[in-house]
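The values are calculated or read from the model by the stated rules, or taken from the named source; none is laboratory data. Here the structure is a predicted model, which is why all the values come from computation and not from measurement. Surface accessibility is based on the protein's heavy atoms, side chains included, excluding ligands, DNA and RNA. Shrake-Rupley method; radii C 1.70, N 1.55, O 1.52, S 1.80 Å.
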Amino acid sequence: FVGRSVWCVVPAHNEQRLLPRMLGRVPAWVDGVVVVDDASSDGTSASAEAHGDPRVRLLRHDQNQNIDATIRTGYRCALGSGADMVVVMAAESAAKLGSVIAIEGQVPLKRWSCSSVATEAMAELPSP
């Protein structure tokens, strides 16, 4: 991913317990992490803030929204920050983060996604 900006979006609802482990396993080549707290009632936001990684950005929904809206919020932030590639990972998927390395060199790095959520989020961004 040399020369490309890779970001990770983490939709989170009541993930206080799992979030620290996941954030601790984000590879060094990931440029930014957007944690979107979907109106959690536990300490999810505090957990993200306490992690201390300068790559982590915390966004919070005041009211619980569906998973699509939460991912869309993360995509908007990542793509608006210049991400070339965005990976969505749930907090409970910490073990799978390393598998993203397997796609390096196999996927053309451009703004694409099979997800309608990503398509909607990208449509809202100004053209490069």
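Distances between placed amide hydrogens fall under 5 Å for Val56 paired with Val33, all partners being 5 or more residues away or on another chain.
Please say if the stretch 36-89 is rounded, prolate or oblate, where rounded means a/c under 1.5 for a ≥ b ≥ c the square roots of the C-alpha gyration tensor eigenvalues, and otherwise the choice is prolate for a/b larger than b/c and oblate otherwise? Note, shape of the stretch 36-89 comes out oblate. For the stretch 51-68, the Karplus equation 6.51 cos²θ - 1.76 cosθ + 1.60, evaluated at θ = phi - 60°, returns couplings of 4, x, 7, x, 6, 7, 10, 10, 10, 9, 7, 6, 10, 4, 10, 6, 4, 4 Hz by residue, with Gly and Pro reported as x. Per residue, the stretch 8-59 exposes 44 Å² of accessible surface when a 1.4 Å probe is rolled over the protein heavy atoms with every protein chain present.
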